[in-house]
1. Can you list the lysines whose alpha carbon is less than 24 Å from that of C:Lys5, not counting same-chain residues fewer than 8 positions off?
2. In Å, what is the Rg of the alpha-carbon atoms in chain D, and how long is Dmax?
3. Would you work out the relative contact order for chain D, in percent, from Cα pairs under 8 angstrom that are 6 or more residues apart?
4. Are there trypsin sites (Lys or Arg not before Pro) in region B:188-267 that DSSP marks as loop and that have at most 14 other Cβ atoms within 10 Å, and which are they?
5. Taking beta carbons within 10 Å but only from partner chains, what does the mean come to for residues D:28-39?
6. Any idea what the relative contact order of chain A is, in percent, if you count C-alpha pairs under 8 Å spaced at least 6 apart?
7. Using only Cα atoms, locate the centre of region A:93-164 and the centre of region D:96-120, then give the distance between them in Å, rounded to an integer.
8. What does the helix-only formula give at 222 nm for chain C: each DSSP H stretch with n ≥ 4 adding -39500 (n - 2.57), the total divided by the residues, and the result rounded to the nearest 500 deg cm²/dmol?
Amino acid sequence: MKNYRGSILFLAGFAVALAAGWIAFPKAEYERQNQPVQFSHKVHRDKGGMKCEDCHAIRDDGTFSGIPAVDKCAGCHASPMGATDEEKRMIKRYIEPNREIPWLVYARQPENVRFSHAFHVKLAKLACERCHQAHGDSDALPAFERDRVSGYSRDILGDPALLAASGHHPGMEMDDCIRCHQVRGVQDSCLACHK
Amino acid sequence: MGLGRRDLLKLMGGGAAGLFLTPVPWRLIDGVAIRTENWPGVPDPPRGEVRTRYTTCTLCPAACGVRARSVVDQPVSLAGVAAHPTSAGVLCAAGLCGHHLPLLPSRVRQPLARRGDKFQPVPIDTVAAAVAAALEDIRNSGSAERVAVLDARPGRTASLIYRRWLGTAPNGIYLLAPSADSSASLGIDIARTGTVLSFGAPVLDGWGTPGRVLEARRSFRLIQVETRQSRTALLADGWLPIRPGTEAALALGIANVLIAEKLYDAAAARSASDFAEYAALAAEFPPQRAAELTGLPAQTIVAAARDFVGHGTAVAVAGSDPGAGPMGDGERIAIAALNVLAGSIGREGGFLPRGEAPRPPGFEEAALAPEHGIADAPDASIRVLIIDDARAAGAWCWSAIERKLARAHIVVALTGSLDGAARHADFVVPAPAYLEEVEDAPAPPDVPAAMFSLAGALLKPPPEAVDGVDFLNRMAGGGAALADVLKERVAAIHAARRGEVFHYTDGARTAVSDVKSAEDLWKALEEGGCWIDRRPAPKQEGRVTILGAAADRVLEAASGRLPADALYPLALVPYGWRGASGGAVSPIMTKLYQESDVETGGDTVELHPDTAQRYGIADRQVAIVQTRCGSCRRRVRVDDAVMPGVIQAEVGPSASGNCRPEALLDACGVAGDGTWRLARASLRRA
Amino acid sequence: MAAKKPARYGMVIDLDRCTGCGACMVACAIENNVPPANPEATERTGITWMRVQRLGNGRPFPDSRAVFFPILCQQCGHHTPCVAVCPQNAVEVDAATGIVDQMPQRCLGCRYCMAACPYHARYFNWWDPAWPAGMEKTLNPDVAPRMRGVVEKCNLCHGRLHRAQAKAAAEGRREITAGEYVPACVEACPAKAITFGDLADDQSEVAQLARSEGAFRLLEKLGTESKVYYRSERPWVHQAVKSGIGKEPQRG
Amino acid sequence: MDRSYIARGLDRCATRRFLMWLLPWALLLAFGVYSAGLCLVKGLNQTNMDNRFAFGLWIFLDLTVIALGAGAFFTGFLVYILRMHELKAVINSAVVIGLVCYSGAVTVLMVDVGQPLRAWFTFWHPNVHSMLTEVTFCITCYLTVLAIEYLPLLLKNRRLRQVPSFLVFEFELHRVMYVLAGVGTFLSFFHQGSLGGLYGVLRGRPFAFREALGVWPSTFFLFVLSAAAVGPSFVLLTTWLVEKIAGHQLVERPVMQKLGRLSGVLLIVYVLLKAIDTLVWMNRTTPAEGFSPQQFYGFEPFGVWILFAEIVVFGLLPAVILLDARRRRSQAWLLTAAGFACAGVALNRFVMTIQTLALPTLPFDRFLSYWPSWQEVGTFLAVVAYGVLVYSLSYRYLILFPQERDLKAR
């Protein structure tokens, strides 16, 4: 027994570290934030009869409108359409004072990344779902997870291994871009996708 | 049995080993490295829809068309408007960063009053009341003290309003800022000009309408008369480096040759009432004498004269360097006379008379106070001085203005930022900055046709902003706002049905007669456009006078401005660069004067190696420039392109503090005719 | 998006037209989010992707003459000095455009590339980039600001190339047409002294100018095949450029 | 009271006296760490380097220090590979010097780069064509080797020997010492070389550019050779210095002379090749790039004298002295020559780094000057202090000079 003691202690430390690193750390690494307003794509699509392009369109100059400004929401929600408190709250807090809603954008790339939706949608004919999953079907917005260390959204800078395990891997990391470009034989320099 | 020290070590060893098999260390070094991309030191550019909007540059009289690239409403870059009738798609360095001016650290956002050498916020009514009281006092006391408006950008509709107000105000006098060209009645048909003989005018460096001039550059010969090897001198076809202040002597020397060799336009000469008198004056300056005065070889002067008239229509222009202040009347007249000799007045490629955009009713010339130069105002006469927007001003020698002020006086500066002349004011009124207000831009001084451009507002002014007209109205207790008068003027233009509109948006042109209503015309101009009058048919002037009553002034100027002075053997020559010598400067201009040596910077003087050696000063050492009127400390740059015996001093911003030219310009001292472009000086090592 | 036929973007700068007004420098700084000088910065620690130098003929007054020499990254196409030296592939020559790319996010700031560049066209961020409070909102959204401690340089306004490409894509085109993409300095030059275009296209104006009489490149003998050409009709300019270093100009 | 840590039979000064000796160096270190801290926190604007003088004092001294530290690998090579067993007398000391020089240099490099947090990119995205990549890889690896070589010294410490497992481990290490020495030699050979290549490849700096022999420019080999040449000289100098400070002899004289002779032999070869290289550069390389060599020496103070000083005064001269057996026997001659040799290499590194950057390459360039800021100097002093501290401690508690005990017995 005595002469095993050392090894046991060593292994104990080893095990503790593994547990901490694989289970505790990934939880601690991301801070979860809820969106300022609960939003249902499903409702807007089915009840509102809206199409994706109504809010997320590619402008004539090739830039992408991204998430619409608050006046777009005001277009319909000047006064409550439904009976939910969430809607009333939104109108009171943002639409009436005409304040922009501080959405937390899951897919927002770093400032130095240049991603042209026009290329990928108009030329390469990629479906939105290819990167954004079936976002349009979602009924509620998941919590936004920010990496405490790098400061970026988990969707664009998560630990690949962990993301794969969690089954939530939108594929919006640089590696994903590169993989897809390689498959399609797109030859690019750094500045083609960075700015 | 408890844990011993060794046991603990083992435990930790195991932990360390285990940690390396988890994501922890790798995620951390990766994350930390990536953090360096967006840590607090790195700013975030704006996001949003990118829009293109148009306006007109009002930073200087050139009135160039401006295309503004904006994110939502905030302009992020400015560029020229292609095919613009006068600016031809060009913006200068200062114009390119104009969108920074509303955001300068020195921006004035509320009315200020001087307390000692500090400024404190006050309500705008306090300022208006103070001025009104002073006016009332003059009126009642019946004193001869003046009420003056010093206008940095004459010819605007606002200028008309000032002049009308001064017409009614007690002893009102309307003064043109030293740097401003008066609203000239002659333009230059530069596209057809054969030769330009420039006396110090920065022809290729921001003179007149740069776009138009540079576009025509290939078609005219350029002879530059200038002591300093300016950028224009470097690119001219000929450079005549004359001794400082001998422009008039050279002008008369050239006239002498032209007359002696019968190279002048006889018809034009005959039309001049006092040609004989002028010829007599010129006769006193044969090449030999001119050579002695100017330091040029006599044959060079003869050659220059022949060259001048030898290539099509020849024009002689007198230039005021943006840093050096105005040229004296003596020089102006001596140089203008050459145009009579060359017969270039009223001829294709020469000086063409031009009209002015129709004025709304109530602004007939008779109803307005006349334009004056500062020199015209008697010393110590001005009780109330209102300075309108030193924004576009070249450097002003404050003492030139100060000497005109009565003992008890109020100086009110309307300005966007606390720079330039505004820093001498008793009250500072926060005027809208560039791009913050709908304004009009008159025809640039050198354009041979009447023009009228609107500068649409791209930004909202701060809530407390007050423009000049608004300020007058506050004192008068009511009156039409500038925008309304502008609308009236546009209506007047529309009613006249002359000329055409150039649309910045698509480069199209529409005849005013085809514009349905005055409202449509306003809209077209406001969203980016300018009105151009049809070109008047060139015609020779009737009777002209060359010297008028100024013969003695010409003679004085021609005899040399800088009398020898044993104590101050050197000549101090200030010079500046357009857009940066006067008021506020965008911080991006540091590229030119601090982060490269394009501009030597407002804290330097340039010397010829011999001069530097004579005074025992080496390159980059600090020297003190001393004149009879004052002195200033400056860093020396040794440059063998400088004329020996000359101190070139740049007026403009420098790494050590933004534009503060006072010390230098005051050292230059103000001459009797209100100029300060030269001085006798001595030098010593600091 | 790689073009089918690789381009070789370059420019010809007419020294006889350049008035040294500095508009190109200002336009460049604004376009590429280059910060204003730190109060302590000097002409040797500032950042000027585009920089107008002054080359004198070395003769004293009144015979002294000078030309203004806009210097930017010369976009070397061969033996590109800065590419081989970078320890971590932060510099590369884009096969599709011939533009020498600098990746600030990959750079560790060793400055080896600066020592390697004979044109001194590379600049180091000695300070955090800082604008006067509130002026950040005038930054160009198409270019990412750099951070302290990295090297940056001219990339022929790559942001503008992106813009042109995106617009083309929005219209369903894969290729941009000549003239759709023009760097800020070229657009801003009041004297129209800079001609920009695809040197690989023999018909382009820039290619013809580059071949024309009086055109030359700096340090041609180094064999760096730079894509920035200069033109001048003045013999002394060619003379001064050939004689290379050793004649130190008096001017600061 | 720390007697129990000091090997038997070695006399070391009293603890108090030792601490007094450490104190000033500790203070110096503290000051240096502060300067370095400023550079890391506020950025490199704390230095006087600029866009034209992208490299300054730090790179120059790093190159010098690493060259001097070459004594470690070269002595190791001689002892373990060429079996010159008499040099065992200094090998331990050489290892410590090597460790100090290399770790110090690497630390300064970490301050020198603008984004130290990204330094590891070089390993993750290496550019195999870059000399700097080669340097980084080799130096890091060799630093590890040195650490392992240092371990047995450490474990031999009187107190640590009491742990049985350490003793075993130390014995095992000794058996692989030959391998380590081999690996070390190999690595050092490459990074000493690539440090030379660093400048030799700069086509854009005609003053430094050298044509390639194989894949490397000639400076690659010159640097290896010069480093190997001064390595022993530096070991010799330090040993002598330690003797002076300790107040008693540490190695037998013949060993010192042997070191001197080795230096001499390598130095003469180096000087020869350097001269040839310079001639080739003058008559072939530079003209081909459109320059004439005179142009480079036309700027005061860097005239032709610097070339003469480098090759003759601090190269040929010491070499000749060191090759002369009679002179070698005189301590004065030996040390002076060794000193000159080291100075010569330092001068060479100076010319390669500083002069190269000072020289203009374009017609409108100026000849530039540069003077380090106190932060730069301070940071480097930290390395010196750190070196002295590590060496002092090692000398006190470890056996750096095996002969010391016997020499004392005599």
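None of the figures in this text is laboratory data; all of them are computed from the coordinates on show. Since we're looking at a predicted model, the values are computed, not measured. As a convention, Cβ positions derive from the backbone with ideal geometry for all residues, glycine included, and neighbour counts pool all protein chains shown.
1. Within the straight-line limit of under 24 Å, C:Lys5 reaches these lysines: A:Lys122, A:Lys125, A:Lys195, C:Lys167, C:Lys227.
2. Calculated on Cα positions, Rg and Dmax stand at 21.9, 70 Å.
3. Normalised by residue count, the contact order of chain D is 30 percent.
4. Passing sites in region B:188-267 are B:Lys262.
5. Mean shielding by partner chains, rounded to a whole number: 0.
6. 27 percent
7. 40 Å
8. Numbers: 7 runs with 53 residues, N = 252.
The helix-only estimate for chain C comes to -5500 deg cm²/dmol at 222 nm.
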